[in-house]
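The values are calculated or read from the model by the stated rules, or taken from the named source; none is laboratory data. Just so it is clear, the model here is predicted, and its values are computed rather than measured. All Cβ positions, even for glycine, are placed from backbone atoms using ideal geometry, and neighbour counts span all protein chains on display.
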Amino acid sequence: MAPALIVARRELAGYFATPVAYVFIVIFLVLAGALTFAMGNFFSRGQADLQPFFAFVPWLFLFLVPALTMRLWAEERRLGTIELLLTLPLPQWQAVVGKFLAAWAFCGIALALTFPLWITVNLLGRPDNGVIVSGYLGCLMVAGAYLALGAAVSAMTKNQVIAFVLAVALCFLFAAAGSPVVTDFLSTRLPVLAEVARAISVSDRFGSFTRGIIAARDLVYFASFIGFFLFLNAVVLDHRKAD
């Protein structure tokens, strides 16, 4: 994994070498704060927890993570630097994992910067900090799932706009699959598909984390989700290289 970590450090440093990283973090923090306090009724609820924050994080990532991943491979292909990267003395899968780890670490940094919310809720009451830690872990899992999907989509095209739109659409599909609107509609017509929708839903799995439940099946789901799309990413790059 050493070469993958080298790629990850290079990519992570590259994020902060441009204004993109700072813009992403500022937008995320502003939107997270605004939604938590305004729409989430953080104070009026009278409960010492971060549920209002966790309720909006997957939907924030739905748009912000594809904005982060759209340039991962699309930009490399457009500029022609992908050939240079893939001719380096390291396996292709390590380049894929390295880029993913850098983006995941960046999302982790953005999440860590929301610590004032955690401090605030501890000053106002006595929250269950174990549930909060579990919720943050769930946020990180959702970010990883969206990043892996977005990276695979980015590898399929040179156009960053197309990569963004497709990634948002696919992330929305997995986020909304378990919503009551979708499952109730399918239950009355195609019950089998309703069960499938619940099984593949990212939001349903994330909900367990926000309740303080870290179940093995949810960890396996996210690990499989991330692993599958990273594998797809590597396959697409290999196919493009063959072309």
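In table form, for the structure just shown:
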| quantity | calculated |
| --- | --- |
| Any pair with Cβ under 7 angstrom, 6 or more apart, that starts in the stretch 47-74 at a residue that is touching a residue at least 60 places away in the same chain (Cβ under 8 Å) and ends at one that is assigned to a loop (DSSP other than H, G, I, E, B) and among the charged types (D, E, K, R) | Ala48/Arg126; Ala74/Lys158 |
| Listing of helices (runs of 4 or more DSSP H) fully contained in the stretch 1-80 that carry 1 or more residues being hydroxyl-bearing (Ser, Thr, Tyr) and surrounded by 14 or more Cβ atoms within 10 Å (Cβ to Cβ) | 2-16, 51-69 |
| Verdict on Leu147 being in contact (Cβ under 8 Å) with a residue 60 or more places away in the chain, buried (at least 17 other Cβ atoms within 10 Å of the Cβ) and more than 24 Å from Asn41 (Cβ to Cβ) | yes |
| Residue check for Val192: under 26 Å from Ala216 (Cα atoms), of a type in the set (Val, Ile, Thr), in a helix (DSSP H, G or I) and modelled with pLDDT of 90 or more | no |
| Out of Val131, Val153, Val202, sole residue that is surrounded by 15 or more Cβ atoms within 10 Å (Cβ to Cβ), β-branched (Val, Ile, Thr), on the phi < 0 side of the Ramachandran plot and within 12 Å of the chain's Cα centre (by Cα) | Val202 |
| When residues of the stretch 134-144 are limited to those that are in contact with a Ser or Thr (Cβ under 9 Å, 6 or more places away or on another chain) and not hydrophobic (A, V, I, L, M, F, W, C), the one surrounded by the most Cβ atoms within 10 Å (Cβ to Cβ) | Gly138 |
| Some residue of the stretch 168-188 being surrounded by 21 or more Cβ atoms within 10 Å (Cβ to Cβ), over 13 Å from the mean Cα position of the chain (by Cα), at pLDDT 90 or above and within 23 Å of Phe106 (Cα to Cα) | no |
